[in-house]
1. Could you sort the peptides 203-209, 185-191, 213-219 by per-residue average Cβ neighbour count (10 Å cutoff), highest mean leading?
2. Can you compute the FRET efficiency between residue 161 and residue 88 using 1/(1 + (r/R0)^6), with r the Cβ-Cβ distance and R0 = 25 Å? Round to the nearest 0.05.
3. Set the Förster radius R0 to 25 Å, insert the Cβ-Cβ distance between residue 111 and residue 45 as r into 1/(1 + (r/R0)^6), and round the FRET efficiency to 0.05.
4. I'd like the projected area of the range 1-66, averaged over all directions, using the convex hull of its alpha carbons. Report it in nm² with one decimal.
5. Quick one: length gained pulling residue 7 to residue 124 fully straight, 0.36 nm per residue minus the C-alpha distance?
6. Quick one, which of (i) 13.1; (ii) 10.9; (iii) 16.2 is the actual mean projected area of the Cα convex hull in nm² calculated for this model?
7. List the pair-distance distribution P(r) of the range 136-206, using every Cα-Cα distance, as the percent of pairs falling in each 10 Å bin from 0 up to the bin containing the longest distance, rounded to whole percents.
8. Relative to the present Cα-Cα distance, how much length would full extension add between residue 149 and residue 24 at 0.36 nm per residue of separation?
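Read the figures in this text as sums done on the coordinates, not as results from a lab. Small disclaimer: the values here were computed from a predicted structure and weren't measured. Heads up, the Cβs are rebuilt from the backbone with ideal geometry, glycines too, and the neighbour counts pull from every protein chain shown.
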């Protein structure tokens, strides 16, 4: 079943605009109540459009703290890294203190990076907002269908269904440990997976979705 708060948007740009608005709303609430906003980013083109819009918004950036849901085990300057893409697209354009941008050290290898990032997030839960995307197969972060269950807040992923095979990912409980969760699904290629989720298939995105998730879907993904 899809989250109770599922919203249909006209297209990818409308989805990005609504996602940006909801991220700003979550930031303002968190800063007002706790003086800090802890945001977990998703990789991929759909969330990326929302982040680019976000960079143009006036925010209390000094109160933002950034984390990632997953990372690929590639060199730090590789364009395939989620953190590299985010830096190029928007993080370099906003004054978030460098010490508050917590990159997964995936260049060290999956096992070492997972252990290190587990320590990084240990005292940060619950996050204020976790942003998730969904792949064509229903995967989210680097949690793929058919993968063996692994324990721990952050896990090493070996033999991923998409290259690169070696990755690091927040595990399901960590992705659900949040005050708000925002799931973004855009594009016709996602329609089959979204239909399977609606019908009750236990896809990774379904396992990662929290009770308070807000799902934004564009008309192409909705089929």
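1. With the highest mean Cβ count within 10 Å placed first, the list reads 203-209, 213-219, 185-191.
2. So, using R0 = 25 Å, E works out to roughly 0.45.
3. 0.30
4. Averaging across all directions leaves 5.3 nm² for the Cα convex hull.
5. Between residue 7 and residue 124, full extension yields 39.2 nm more.
6. Matching the structure shown: (ii).
7. 19, 49, 31, 1
8. 41.6 nm
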